[in-house]
1. Might you work out the accessible area of Val500 for me, using a 1.4 Å probe with all protein chains in place, and round it to the nearest 10 Å²?
2. What's the center-to-center distance, using Cα atoms, between the range 466-489 and the range 148-169 in Å?
3. What order do Trp470, Trp531, Trp515, Trp337 take when sorted by accessible area (1.4 Å probe), most exposed first?
4. Once the whole set of protein chains is in place, how much accessible area is left on Leu368, using a 1.4 Å probe, in Å² to the nearest 10?
5. Suppose R0 equals 51 Å. What FRET efficiency, 1/(1 + (r/R0)^6) with r the Cβ-Cβ distance, do Lys323 and Glu202 give to the nearest 0.05?
6. Where in the range 464-493 is the amide nitrogen less than 20 Å from a point lying 7 Å along the Cα-to-Cβ axis of Tyr514?
7. Rounded, prolate or oblate for the range 281-337? Axes are the square roots of the Cα gyration tensor eigenvalues, ordered a ≥ b ≥ c, and the cut-off for rounded is a/c under 1.5.
8. How far apart, in nanometres, would the label points at Ala548 and Glu180 be if each is projected 7 angstrom from Cα along the Cα-to-Cβ direction?
Amino acid sequence: LVLSISHLRVHQFMCNQNAGSSSEGTEDSDFSAEHTDSSESDAHAVRNTRLTRSSLRLSRNSQDIKESADHDESPPRTPTGNAPSSESDIDMSSPNVSHDESLAKELSLKESGLAHRPKRRRFHESYNFNMKCPTPGCNSLGHLTGKHERHFSISGCPLYHNLSADECKVKASSRDKHVEERTLSQRQDENRHSARQQAQTERQLRYKEKVTEMRRKRNSVPLKEQKDKYTEHRQTHGSSREPLLENITSDYDLELFRKAQARALDDLEKLRLQGQVTEGGNMIKTIVFGRYELDTWYHSPYPEEYARLGRLYMCEFCLKYMKSQTILRRHMAKCVWKHPPGDEIYRKGAISVFEVDGKKNKIYCQNLCLLAKLFLDHKTLYYDVEPFLFYVMTEADNTGCHLVGYFSKEKNSFLNYNVSCILTMPQYMRQGYGKMLIDFSYLLSKVEEKVGSPERPLSDLGLISYRSYWKEVLLRYLHNFQGKEISIKEISQETAVNPVDIVSTLQSLQMLKYWKGKHLILKRQDLIDDWKTKEAKRGSNKTIDSTALKWSPPKGT
């Protein structure tokens, strides 16, 4: 009650002071007039008068604090960031101030917003320092582009590229200046010359001569001291640092390479800021797979504790992924798998194909999809593998059946897709195994008595492989065809290739013409002769034998 009365008196005094009140006595008499009924009221009035005077001093002190805050003359701060209490000043000026007045002082400070001011949020509270650059001896400061303060990957590490953070910033400013100068000169050339003129300008000719002269000055034969320097650098740092690139090529070409590096890393940093690439998420650079060490091409959504490793170790039979060589060695000592799970439906020589059900062998199929994503850009299937069948091709030796490649296929495809995803392992690429996988998928379509086609959209490498396969199928069919009239439908039924794919392949080979209201297929003998020559050189080792297939279409899912 006393605390509320004191606040009421402070409010009344400030209002009356603004209205032009004369003295403190008027305030005291007005306040005591409300309680003059008995002798006890007189004593109570004297006590309230003392409280009113102390409240007046309290209001004046609070006004002084507000005025000092408005004039940016804030009192010195304590280590916690709060303003020191002024209760000691009040006690010295008025030793008879009660405990209730101190409470009123604290409440007024809270209302003024000066007490218990929140701390300023520091930078390190919102920055993740758990992520570190994997380069030995690097403190994650600086960036190869010169535009960021920190980095967490090898590609953005200045130390890995034998540079310092300050050198990267200087190079970034020089690149920006060069871009501005080049843009300005291009605008001047556009103003001087019309767009139709194809001749080189004088500036372009001078620049071309300058580049030619710079490339002539390069010392093509490194000196013995430089060779020793390169050897020492490689022996000291190994693969943890980029090789020394000075004097390997001209300064102009080296600068072009550095610009391309910075530009590619800048684009990657923009994708990271947009959330499309997680920082540190693409740290898997190599995998140890059997007797091979493979460089990865793309990011794969492995668990975070594995995705941040620079190297991943895998069992080539069960596809389990591990963190170290020791764990892999212990796993291989007790792993009983020597071939993929499922049924072996094809065998000829050392080549076998296993049919793996995604519902029965879920873990194996998920590991296979994660492995495939390291080498495929367009792939979205990782964990939902139950609606798919996986056909895994292997090559056998005395140690087991080694993974060559695979393709997945929907159990019930509405559009009759015979391939959803296809991959050939990098160590078996450019050896004919990709066409064997494609040929095997069409062999299954023939047994099912269906016309098949790969799922769209195709990747760039996938389109090249399928175009090459369709070309060979059509040339083989035309070579063996002896009639006069040919039908796209008949070709499709015999080869199980979709008519749309047949027409697009004929158009790319310039073998489909429109003449006198009819579509004609031209039998180009030169293409057929080239195909026969390549077929004879390749032999029959990398072909699918339909008689070696022991398979019947699955019934239902």
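The values are calculated or read from the model by the stated rules, or taken from the named source; none is laboratory data. Given the structure is predicted, the values throughout are model-derived calculations rather than measurements. Neighbour counts are summed over all protein chains in view; Cβ atoms, including those assigned to glycine, are modelled from backbone coordinates with ideal geometry. Side chains are part of the model used for accessible areas, which takes the heavy atoms of the whole protein and leaves out ligands, DNA and RNA. Shrake-Rupley method; radii C 1.70, N 1.55, O 1.52, S 1.80 Å.
1. 100 Å²
2. 56 Å
3. So the residues, ranked largest to smallest area, are Trp515, Trp337, Trp531, Trp470.
4. Around 0 Å² of this residue is reachable by solvent.
5. With R0 = 51 Å, the Cβ-Cβ based efficiency is 0.25.
6. Output list for this probe position: 486-489.
7. Details: a/c = 2.09, a/b = 1.72, b/c = 1.21.
Taking the square roots of the gyration eigenvalues as a ≥ b ≥ c, the range 281-337 is prolate.
8. Label-label distance for Ala548 and Glu180, simple model: 6.7 nm.
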